[in-house]
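Everything on this sheet refers to the single structure shown next.
What follows draws every value from the coordinates through simple rules; no lab data is involved. Predicted, not measured: the structure shown is a model, and the values here were computed from it. Cβ: placed from backbone, ideal geometry, glycine included. Neighbour counts: every protein chain shown.
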Amino acid sequence: MKRLLILGAGTAGTMMANHLNKELDRHLWEIDIIDEREEHYYQPGYLFLPFDIYEPEDIIKPIKKFIPNSVNLINDKIDKIIPEENLVKMANGDQLHYDLLIIATGNDIAPEEIQGMKGSEWQKSVFDFYTFEGALALRNKLREWEGGNLVVHITEMPIKCPVAPLEFTFLSDSYFKDKKMREKVNITYVTPLSGAFTKPKATATLEHLLVEKNIHIESDFAIESVDNENKKIIDYGGREIPFDLLVTVPTNKGSEVIARSGMGDELNYVPTHKATLQSKKHQNIFVIGDATDVPASKAGSVAHFEAEILTENILRYIAGEPLKEEFDGHANCFVETGGGKALLIDFNYTHEPVEGTFPFPGIGPLRLLQESRMNHMSKLAFRWIYWNMLLKGTHIPFISTTMQEEGKHF
Amino acid sequence: MEKTIAGKSVAVNEEGYMTDLSQWSPEIANELAKESNLELSPRHFEVLEYLQTQYKNEVPLTIRRVGASGVVDIKEFYALFPAGPLKISSKIAGIPKPASCI
Ligand SMILES: Cc1cc2nc3c(=O)[nH]c(=O)nc-3n(C[C@H](O)[C@H](O)[C@H](O)COP(=O)(O)OP(=O)(O)OC[C@H]3O[C@@H](n4cnc5c(N)ncnc54)[C@H](O)[C@@H]3O)c2cc1C
């Protein structure tokens, strides 16, 4: 028997376990998947938890439920990978040999990268919403907060789901309006980028929405430290922004496993071939999801498109055939804009998000880069799709793996 | 697009970033620096040279990488090229605007 080992049972690892369980010859291959957690967290839900839109039970389910019975789930912490020996060392001392390895260990926040960020005000007036604990603590804070300067802040790029901080900003505008206290809150959006988003056309649309919602934007802000005593953030150029409530997205880094294994770049991302998803260093190692260094968005939708291509490439690799250079960086994200509306963006390595219709060219029903209720309903429906289709590796009807150019206004 | 800088015609994009590094020269850098109200010192040129080498080796540039390079730390990088150091220094170095972001 040969062994295919998947590290991480989050979005990407779970999808790969389901795909490969169906595709691999199970007389020849054993499949194991490892995660230190027992619970699968639906991370897109972290955006809604602080505003009491979702409850914790909407976003947490047992990992076991999503892993096929014929795949062996190991519940333990991974210490490191020793690629030269095709070995994975567990924190409990066990060693696992593999013939093929898939790294899907995701990424996490690293607030300790910025001086003072995890200081005395952490989870008092300085919060993150990129972790379950952070989103929950922020919910409790928002329930009793009486207003003042709300600063929503991105530390540095890349971060997963790069639109989430903007969505948080829009949703907070709605939240305070609903609570009849919008006039007591100044909202400032602080970004290291030169504008609201990373791609020009979407930036123009999103900046228009910020103005409309009376949200102030501070761009090109490269944070140096958080001053806990005087409650302000300070950038390398000396610019200071005061806050009463700081909601920050700290530096995102790949898993510590990657650092301990000496396999990552300075942010612990594994150098990965961007079209095939094979590791650049080791032929029998493939990387998927937030763990890679490919220049695509770090998002569940991206992992979904990657999984379809990676499955095919694993089969090709086993058969000794050349890999398919097909992954185009396709990403597809709903952007919550508040007030029960959302926009939809669809893009890849080379094409920025533009206006148009999706998924049927000229018909829709979803409209790209324009606010609508239909898009918002789809974003909420995404949770159902995630639990019931995405994780199980079911192909989502009408949505192609590579980006479609038809029906878009380039 | 073509633009005349320091008496030479060079290829630039809409945002004024040079599109052909082989046309770059220190004289052109000095002219480009003036557009950002900067006077270049030898220290600036050390940083520009580092950026160009990284670009030629196809290493994507980020502020964090520059800061960890040993050539200059983030604080000094900001002091040399205030406001948006990576964007301004890339422009003066004759390399594309960094696509730091996705
Ligand atoms: C606030 C927020 C909003 C988002 N919104 C969206 C959205 O609207 N749409 C969208 O498509 N995406 C969204 N995302 C992004 C999406 O959730 C991630 O991109 C996706 O989950 C990445 O999947 P992954 O498998 O690469 O990583 P993960 O799902 O994070 O899985 C990694 C797994 O590896 C395990 N692991 C790591 N290290 C070890 C170790 N040493 N030992 C054992 N196990 C280990 C972890 O426990 C984890 O289960 C959002 C993310 C956030 C934070």
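Sort A:VAL152, A:VAL211 so the one with the fewest other Cβ atoms within 10 Å of its own Cβ comes first. Please list the in-between numbers first.
Working: A:VAL152 24, A:VAL211 10.
Starting with the residue having the fewest Cβ neighbours, the order is A:VAL211, A:VAL152.
In this structure, the pairs whose alpha-carbon distance is over 30 Å, taken from A:LYS231/A:LYS253; A:LYS199/A:LYS379; A:LYS65/A:LYS298; A:LYS64/A:LYS298; A:LYS201/A:LYS298; A:LYS2/B:LYS56, are A:LYS2/B:LYS56.
Could you give the Stokes-Einstein D for the protein assembly as shown in µm² per second, using the C-alpha Kirkwood radius, 20 °C, 1.002 mPa s? Once the numbers are plugged in, D ends up at 88 µm²/s.
With coordinates expressed along the principal axes, the C-alpha atoms belonging to region A:89-202 extend over 60, 37, 29 Å, beginning with the largest.
Net charge around A:GLU405, counting only other residues with Cβ within less than 14 Å of its Cβ (Lys, Arg = +1; Asp, Glu = -1)? Don't skip to the answer; put the middle values down first.
Values: positive: A:LYS408; negative: A:ASP328, A:ASP346, A:GLU352, A:GLU355, A:GLU406.
Net of charged neighbours comes to -4.
Could you pull out which residues in region A:15-56 have an amide N less than 18 Å from a spot 7 Å beyond the Cα of A:ARG316, following the Cα-Cβ vector? Inside the label zone: A:20, A:23-24. If a/c stays under 1.5 just call it rounded; otherwise compare a/b with b/c (prolate if a/b is bigger, oblate if not). Do that for region A:354-410, with a ≥ b ≥ c from the square roots of the Cα gyration tensor eigenvalues. Judged from the Cα gyration tensor, region A:354-410 comes out oblate (a/c at least 1.5, b/c at or above a/b).
For every helix of n ≥ 4 consecutive DSSP H residues, a contribution of -39,500 (n - 2.57) applies; sum these over chain B, divide by its total residues, and give [θ] at 222 nm rounded to the nearest 500 deg cm²/dmol.
-13000 deg cm²/dmol
Against chain B, whose longest principal axis comes from its Cα atoms, helix B:42-56 is set at around 90 degrees. Across all C-alpha atoms in region A:247-399, the radius of gyration and Dmax reach 17.2, 53 Å.
Report the local net charge at B:LYS8: Lys and Arg +1, Asp and Glu -1, summed over other residues whose C-beta lies under 12 Å from its C-beta. Could the numbers behind the result be given before it?
Working: positive: B:LYS3; negative: B:GLU2, B:ASP20, B:GLU27, B:GLU31.
Every neighbour counted, the sum reads -3.
Entry note, region B:2-93: relative contact order of 26 percent, from Cα contacts under 8 Å with a spacing of 6+ residues.
Going through region A:111-146, which GluC sites (Glu not before Pro) have at most 15 other Cβ atoms within 10 Å and a DSSP loop state? Passing both the DSSP loop test and the Cβ count: A:GLU146.
Looking at the protein assembly as shown, what % of its DSSP beta bridges pair antiparallel, to the nearest 5?
Working: 41 of 79 bridges.
Rounded to the nearest five, the antiparallel share is 50 percent.
Using a Förster distance of 35 angstrom, determine the FRET efficiency expected from the C-beta separation of A:LYS2 and A:ILE385, and round it to 0.05. After rounding, the FRET efficiency stands at 0.60. Going from the fewest other Cβ atoms within 10 Å to the most, the residues A:THR131, A:THR311, A:THR11 appear in the order A:THR131, A:THR311, A:THR11.
By the rule of a C-alpha distance below 23 Å, with chain neighbours fewer than 8 residues away ignored, the lysines paired with B:LYS34 are B:LYS3, B:LYS8, B:LYS75, B:LYS87, B:LYS91, B:LYS97. Bridging of A:LYS124 to aspartates and glutamates at a Cα separation below 17 Å is possible for A:GLU112, A:GLU133, A:GLU144, A:GLU146, A:ASP227, A:GLU229, A:ASP244, once same-chain residues fewer than 8 apart are set aside. Dipole orientation for region A:307-410: of the candidates A:ALA307, A:PHE358, A:LEU343, A:LEU343 has the Cα lying most toward the positive pole (charges on Cβ; Lys, Arg +1; Asp, Glu -1).
Once the Cβ-Cβ distance between A:ASP178 and A:GLN95 is put in as r, and R0 is 51 Å, what FRET efficiency do you end up with, to the nearest 0.05? FRET efficiency, A:ASP178 to A:GLN95: 0.40. Just to check, using Stokes-Einstein with a Kirkwood Rh over alpha carbon pairs, what's the diffusion coefficient of chain B at 10 °C and 1.306 mPa s in µm²/s? After rounding, the answer is 116 µm²/s.
Treat the count of other C-beta atoms within 10 Å as a stand-in for reagent exposure and order A:PHE66, A:PHE286 from fewest to most.
Numbers: A:PHE66 21, A:PHE286 28.
Sorted ascending by nearby Cβ count, the order is A:PHE66, A:PHE286.
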